Amino acid sequence: MRHVAPLGADAPPGDFAEGRVLRHLHRLAVDIPGRQEGSPGLEAAAQYIMGELEGLAARAGPEYRIEVEETLVSGSFSMMFLRHRVTLGYRNHKNIVMRISSNVSEDDDPSLLVNGHFDSPLGSPGAADCGSCVASMLELSRLIIDSGWVPPRPVIFLFNGAEELFLLGSHGFIKTHTWNSSISAFINIEASGSGGTDLVCQSGPGSWPSRVYAQSAKYPMANSVAQDMFGLIPGDTDYRIFAEDITNIPGLDIIFVLGGYFYHTSYDTLENLFPGSIQARGENLFHLVKAFTNSMSLKDNETSNKAAKDGIEDSRAVFFDYLTWFMVFYSRDVSLILHSLPIAIFLLVPLFLTFPNITLMSWSLSLLDLIRGMLLHAFGVILAIFIPAGAAALRLLFTKNAMNWFAHPYLAFLMFVPASLVGLLLPRNIWGLSEQTHFWGSFGLYSVITMAYMLAGLSGGFLTFFISMSMLLGRFISSIIKRQWNQQSPKQIMCRLLVAYVVPMIPCLLYCTYYGGFLIQFLIEKMGMMGSLPKPYGFFVPDIIVGAAVGLVVGWCFGPLAPIATRWLSKTSILQGLLQITVVALAISSQLFPYSTGAPKRVVLQHTYVTDANDVVDSNYGFSVVDANSLEFLFNNAPEAAKWLKDNSELSFEEKYRSDRSSWVALYPVPFLFSGSLEFQAQTDEIRKHYHNFPQLHIQKTWSNNGQRRVHLNLSLGSLSEIWTAVLNVTGPLSNWSFADNMLPAPQTVSGGPPSYICRLSGKSDVDWSFWLEANSSESLRIDVAVLDQYLVDSTKKLKSLFPSWADLTAFTTFLSTYYL
C-alpha cells in the first residue's frame, strides 16, 4: 500500500486520517499493556472506547440520532473449530455498541452493522489484531458525524470484547441484543497480519455484498477464490456467526492478510504496521458504509434471511481486483456462459484446422493431436510442481533446518522458480511438439481447468479463463502479423510473432504475477503457524508445500508463454543452467537461519501445576511449537534456556519427556496443531507466594432415578485473578449436561484416549460456575479441570527471558486437577 499516502492527525475533519487512528491505537496497544480476557487492560480499553463514543454523541448535531450502550453478554453453544467439536459457556463479556442514524429513523429500520473486536490474543499487544480495527471504527464513526453526512439507514458499530475466545462477543450480541433484528447487512473487519490492502476473504450469502464492494471500494482487494480456500487456514472470524452459524445476514469479511509473521505474537506492535494500510482501509470503509446504506438491497432482517435461505438471491459471484486498481465482477449465471466458452472453442478448433476437408475422421485425428498436446503441457505443469517439491525434500536430507526461506522469502523464488521452469520445458525437449499442437494443447488444458472449477461450484476458474482468452487474443493478433510479414526472413518473423503474441497477454501476465506473488508471500508467512506434524515426514511438509506452490504459480505465469518461448528455451544447455541456479540457491539457503525478529518462530510455554484440593502435587514446564522445526532445533539454538532447564531437570528429548495433547487441554482444540511437545520438571512452591487458593470442583447435590444420575457441581476458580479460560474435559457415560441448551455434542478424542466432551468456560472469574452433568450408568465420570491463568511466577519469567529474540514465546500458567464422580 505504498501508493496510499496516510493522512496525519491534523487532516481536515471531513477526511479519514490514519494519523488519528494511530493516536487511538497508541492508547489501546501501547498505553494499555494488554487487552486479553482476564487482564485489567481489557476493561481499560472498553472504558476508553466508551469515552470516545460518548464524546462523539455529545457533539453530534440535531440531525443525528446517536445511541451508545455498554452491554454484558452471556450464553452457551457448540461449534466446530480446527475440525473438532467444542462447547463454549461464557458470561459477562463486555460489548460496546453505537448506533448512528437520522433523527427521523425508526428502531426497526434496516441497519448496517460494522463489527470489530477490541480484545487481543494471549501474549500479544494486538496492535493489528485487532486494535487497528476498533481504532479505525472510532475514526469512521467520527468521520460520519464530522463530515455532516447523515446515513439514510442506521449504522451500528459493534466493538465486541470476546472474539479471541471463539467468537463469543458477536454470538452474545446477535443472540441477545435488541438491535439484532434490524441488521440487514454487515461488514466484519479483522487482521491476520500487519497490513496490506484489506482482502475480502468471505462474502455472502448472495452476491450483492460483493457487488456493492466492487462498485464502491476505492482501493479494492477482493478475490472470490479466497472463500474457497478460507477453511484451509487455522482460524475463524465473526463472519461465521453473522452469515453462517447463527444467522444468514449478508455481509463481507475484510481482513489484513499480509505481515502474517507478527499475527498472534508479541511483535504485533504499532511499529510493525504497514504505513498506508489503515488509510486505505478507512477510505474503503467510508465508501462501503455509504454504498450499503444507500443500497436498495438493504432489506429488513427477516426478508434478507429468507432470501438467503431460499436461494432467491443469486449465488456467489465471481470477482477479483486487478492490481488493486479496479474490480472485475460478474454473476454466477454469467460465469456459466463465459467459463464454458474456452472448452467450446477448444472442441471447435479441429474443424478450423481441417477446413475445408472436414470429416469426422479428420476432426477426430485433429482433436486427438490437440489432446496429446494438452496432456504433454499438463505433464509439464505437473513436473513444474513436483520438481521444486522434490528439490525441497532433497535439500532437507542434507541440512538440519527446515523453512530457511521463512525469514528470506526471496529464497523460495530463487530456489524453486528455476526448478519449475525445468519441469515446464522438459516435455518439449524430450518429445517435441509442433507449435500449433503445443499452443492448442495448453489452451485446452486451461479450458478444462476452467470448466472443472465451474462444475465444482468454485470461483477460482476466472484465472484460467483469463489465461485462455488472453492466449487466444495473442494467437489471433500474431496470426494477422504473420500474414502481413510473410516476405521477411524466418528469424525476423519469429521475433515479431513473439512480440505480437506477448504484448496482448501483458495484462494477463501482470495479473498472474501479482496474484501469484501475493499467494506465495501469504503462504510463506502462514507456514509459521500451520502446525507441526509428527516426525519424520512432518519435517518435510512446509518446504514441499512452498516448493509445489511456487511451481503452480510458475505454471500459470509462464505456462501461457510456453508454446512460443519453449522453441528457444527448451535446449539442454538452458535446462542445465537452470538446474545449476537451483543447486546454488539450495546451497545458499542451507547457510541462512530460518527466523529473525521480523519473522519470529512461535513457541508455546505452559507452566502446569497439578493440584489436589489446595495442594500442589506436581509442576512442570511444557513446550510446543507450531511449525516444522522441532523443539530440539529450538533448544540447540537457545543454549542459555537449555542450560537453565538442565540445571533444574534433565534436558532430554527422549520419549519419556514427551507430553501428549491431554496435558494441553487448557488450549483445546489448538493442541491439535502440536506434535513433539516436551515437559520438564519445575518447582512446586513458588506459586504459593501469589495464589493461596486453587480451582476446585465441588458436588452440590446428586439426583438418581432409574439408572440415571444427575450431579450438580460448583467450580470455584480460587484466588486466580488473570483467568483466560477454564476447560472441562468429561469422560465416561455422560448422557447430558446443562451447557449449550442441554444438548450434548458428538464426543471428541484427545491423544487416543476415551471419548471426551469438552467445554470451555470464560468470563467473570470471581463468581463460581454452577452446572450439572447426567450419567446413564453407575460407571464413574472423570472430569479434568484445566484453568489457564496469565500470571507467571518469577522463575517462568526468567526462563522466558533466556530465549533469543527470534523466538516468540506465548507463556501462561495452567492449573490442572482431576475428579471422579
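The values are calculated or read from the model by the stated rules, or taken from the named source; none is laboratory data. Quick caveat, the model's predicted, so the values are computed rather than measured. FYI the Cβ positions are ideal-geometry reconstructions off the backbone, even for glycines, and counts take in every protein chain you see. Quick note on the areas: whole protein, heavy atoms, side chains included, nothing else; ligands and nucleic acids left out. Shrake-Rupley method; radii C 1.70, N 1.55, O 1.52, S 1.80 Å.
Numerical summary
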quantity	calculated
Scan of region 30-69 for residues that are part of a strand (DSSP E or B) and either in contact with a helix residue (DSSP H, G or I) (Cβ under 6 Å, 6 or more places away or on another chain) or among the aliphatic types (A, V, I, L, M) (or both), ordered by number	Ile66, Val68
Residue ID - farthest from the chain's Cα centre (by Cα), chosen from residues in region 339-366 that are open to solvent by 50 Å² or more (accessible area, probe 1.4 Å) and touching a residue at least 40 places away in the same chain (Cβ under 8 Å)	Leu353
Count of region 37-69 residues which are open to solvent by less than 20 Å² (accessible area, probe 1.4 Å) and among the β-branched types (Val, Ile, Thr)	1
Pairs where the first residue, in region 167-187, is more than 17 Å from Pro209 (Cβ to Cβ) and the second is surrounded by fewer than 24 Cβ atoms within 10 Å (Cβ to Cβ) and aromatic (Phe, Trp, Tyr), C-beta under 8 Å, 6+ apart	His171/Phe77
Selected residue [open to solvent by 30 Å² or more (accessible area, probe 1.4 Å), more than 26 Å from the chain's Cα centre (by Cα) and either of a type in the set (A, V, I, L, M) or at pLDDT below 95 (or both)] from Leu72, Leu22	Leu72
Number of the exception - Pro695 against (1) surrounded by fewer than 22 Cβ atoms within 10 Å (Cβ to Cβ); (2) over 33 Å from the mean Cα position of the chain (by Cα); (3) under 18 Å from Tyr819 (Cβ atoms)	(1)
Of the criteria (1) modelled with pLDDT of 90 or more; (2) open to solvent by 30 Å² or more (accessible area, probe 1.4 Å); (3) of a type outside the set (Val, Ile, Thr), which one Ser624 fails	(2)
Every residue from region 503-517 that is open to solvent by 40 Å² or more (accessible area, probe 1.4 Å) and hydrophobic (A, V, I, L, M, F, W, C)	Val503, Ile506, Leu510
Any hit, region 50-65, residues being under 26 Å from Val212 (Cα atoms) and either touching a Pro at 6+ places or on another chain (Cβ under 9 Å) or not aliphatic (A, V, I, L, M) (or both)	yes
Among the candidates Thr399, Thr450, Thr464, residue that is closer than 23 Å to Pro542 by Cβ, hydroxyl-bearing (Ser, Thr, Tyr) and either open to solvent by less than 30 Å² (accessible area, probe 1.4 Å) or assigned to a loop (DSSP other than H, G, I, E, B) (or both)	Thr399
Residues (in contact (Cβ under 8 Å) with a residue 12 or more places away in the chain and surrounded by fewer than 19 Cβ atoms within 10 Å (Cβ to Cβ)) located in region 525-540	Met530, Leu533, Pro534, Lys535, Gly538
Filter pass, Ile255 being of a type outside the set (D, E, K, R), within 14 Å of Cys130 (Cβ to Cβ) and either under 18 Å from the mean Cα position of the chain (by Cα) or assigned to a loop (DSSP other than H, G, I, E, B) (or both)	yes
Counted residues, region 243-297 - those being under 30 Å from Thr810 (Cα atoms) and open to solvent by less than 30 Å² (accessible area, probe 1.4 Å)	16
Top-ranked residue of region 432-447 - restricted to ones that are surrounded by fewer than 19 Cβ atoms within 10 Å (Cβ to Cβ) and either aliphatic (A, V, I, L, M) or outside any helix (DSSP H, G or I) (or both), ranked as modelled with the lowest pLDDT	Gly432
Residue check for Phe672: in contact with a His (Cβ under 9 Å, 6 or more places away or on another chain) and outside any strand (DSSP E or B)	yes
Only listed residue being open to solvent by less than 10 Å² (accessible area, probe 1.4 Å) and under 29 Å from Asp741 (Cβ atoms), chosen from His117, His84	His117
Search result, residues across region 87-101 that are open to solvent by less than 10 Å² (accessible area, probe 1.4 Å) and not hydroxyl-bearing (Ser, Thr, Tyr)	Leu88, Gly89, His93, Asn95, Ile96, Val97, Met98, Arg99, Ile100
Yes/no for Asp333 being in contact (Cβ under 8 Å) with a residue 40 or more places away in the chain and among the acidic types (Asp, Glu)	no
Scan of region 219-243 for residues that are within 15 Å of Arg316 (Cα to Cα) and within 9 Å of the chain's Cα centre (by Cα), ordered by number	Phe230
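Every residue, every condition in (1) under 25 Å from Arg475 (Cβ atoms); (2) open to solvent by 80 Å² or more (accessible area, probe 1.4 Å), yes or no:
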site: Gly555; (1), (2): yes, no
site: Phe558; (1), (2): yes, no
site: Pro563; (1), (2): yes, no
site: Arg567; (1), (2): yes, yes
site: Gln576; (1), (2): no, yes
site: Gln580; (1), (2): no, yes
site: Ala585; (1), (2): no, no
site: Ser590; (1), (2): no, no
site: Ser596; (1), (2): no, no
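A quick yes/no check of all residues on (1) surrounded by fewer than 19 Cβ atoms within 10 Å (Cβ to Cβ); (2) under 26 Å from Gln790 (Cβ atoms); (3) in contact (Cβ under 8 Å) with a residue 60 or more places away in the chain:
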| residue | (1), (2), (3) |
| --- | --- |
| Ala641 | no, yes, yes |
| Arg661 | no, yes, yes |
| Leu667 | no, yes, yes |
| Phe680 | yes, yes, yes |
| Glu686 | yes, yes, yes |
| Lys701 | yes, no, no |
| Gly707 | yes, no, yes |
